[in-house]
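Asks: What follows is a structure written as C-alpha cells; I'll ask about it next.
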Amino acid sequence: MDKSVTHTFRSRLLDELEQATNGLIEGEATLRRALGRLWQVMSEDPDLKKKKQSVVAKREEEDDPEMDDPRVRRVAHAPDLTPPTHKLFLSTHPNGAPLSYDHDTSNPTSPERQIETLEKSLCTLRELQDDGREYVERLQEIREGLGDVRAQRDIIWNVVRERAVKELQDAAFVTAGLVQ
C-alpha cells in the first residue's frame, strides 16, 4: 500500500485535535465556575453578615433614648435596599457614610462615576460569560464534527484495507496459478 495513504488513515491528528478541544472546554468550565462563584458572592448581602455579628450592639441601641421616637425606630429598622454589588464595590467614607454627591463626574470617586464604572464592569462580565458559553457551544460542535470525521475515516479505512487484502489475495491466487 502507498505510504501516504497509510499515513493519512493512521494519523494521530484527529486524536490531538480532540484532546485540544477537550482541554479548551475544560478550561472554559473552570472560568464558568469562577464566574459563577463571583456572581454568588456578589449576590450575598454583606450587611447580613454584619447583622449577625452585631446582635449585641442592637441591645445597646434599645437603651438609646433616641430610639423612643417611633419614626427614628422605623428608619433604624428599615431594610437597606441598596444592591449588594453597590455595597461591595462603591466607596464610602471611613465612618461608613456614603460619599457626598458632588456632581463632578470627572472625579473617579464621585458616586455617579463609581456607579457608571461598576455597571460597565458588570456588563463586561456578563458579556464574557455569554461569549464563554457561545465559545463552548462552538467547541462542542467542533468535537462532534471531529467524531463524525473519525467515524467516516474509520469506515473508509476499513473499505481500503478490505480492498487491499482482496487485491493481495487475488494477486496471490494468480501467482499461485502461474507457479503450479
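Asks: Considering only the range 127-145, I want to know if a residue exists there that is closer than 30 Å to PRO84 by Cβ, of a type outside the set (Gly, Ala, Ser) and outside any helix (DSSP H, G or I).
Replies: no
Asks: Any residue in the range 112-139 that's surrounded by 14 or more Cβ atoms within 10 Å (Cβ to Cβ): show its pairings with residues that are charged (D, E, K, R) at Cβ separation under 6 Å, as long as the two are six or more apart or on different chains.
Replies: If the second residue must be charged (D, E, K, R), the pairs left are GLY132/GLU28; VAL136/GLU28.
Yes/no per residue for (1) touching a strand residue (DSSP E or B) at 6+ places or on another chain (Cβ under 6 Å); (2) surrounded by 10 or more Cβ atoms within 10 Å (Cβ to Cβ); (3) at pLDDT below 75:
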site	(1), (2), (3)
SER4	no, no, yes
THR21	no, yes, no
GLY27	no, yes, no
ARG33	no, yes, no
ARG37	no, yes, no
LYS51	no, yes, yes
GLU62	no, no, yes
ARG73	no, yes, yes
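Asks: Moving on. When residues of the range 104-119 are filtered for being farther than 15 Å from TRP39 by Cα and either in a helix (DSSP H, G or I) or modelled with pLDDT of 95 or more (or both), how many remain? Working first, answer last.
Replies: Initial filter on the range 104-119 (farther than 15 Å from TRP39 by Cα): 104-117.
With either in a helix (DSSP H, G or I) or modelled with pLDDT of 95 or more (or both) added as a condition, the list becomes 111-117.
Of the residues in the range 104-119, 7 are farther than 15 Å from TRP39 by Cα and either in a helix (DSSP H, G or I) or modelled with pLDDT of 95 or more (or both).
Asks: Let me ask something else about it. Under 8 Å between Cβ atoms, which residue pairs at least 6 apart in sequence (or on different chains) link something in the range 141-155 that is free of Cβ contacts under 8 Å to residues at least 60 places away in the same chain with a partner that is of a type in the set (D, E, K, R) and surrounded by 13 or more Cβ atoms within 10 Å (Cβ to Cβ)?
Replies: Pairs that qualify, where the first residue is free of Cβ contacts under 8 Å to residues at least 60 places away in the same chain and the partner is of a type in the set (D, E, K, R) and surrounded by 13 or more Cβ atoms within 10 Å (Cβ to Cβ): there are none.
Asks: Is the range 123-139 home to any residue that is hydrophobic (A, V, I, L, M, F, W, C), within 30 Å of ASP15 (Cβ to Cβ) and modelled with pLDDT of 90 or more?
Replies: Applying the first criterion (hydrophobic (A, V, I, L, M, F, W, C)) to the range 123-139 yields 123, 125, 128, 136, 139.
When the remaining residues are screened for being within 30 Å of ASP15 (Cβ to Cβ), the result is 136, 139.
So of that shortlist, the ones also modelled with pLDDT of 90 or more come out as 136, 139.
There is at least one residue in the range 123-139 that is hydrophobic (A, V, I, L, M, F, W, C), within 30 Å of ASP15 (Cβ to Cβ) and modelled with pLDDT of 90 or more.
The values are calculated or read from the model by the stated rules, or taken from the named source; none is laboratory data. What you see is a predicted model, and the numbers here were worked out from it, not measured in a lab. Because the Cβ atoms are built from the backbone with ideal geometry, glycine has one as well, and the counts that use them run over all protein chains shown.
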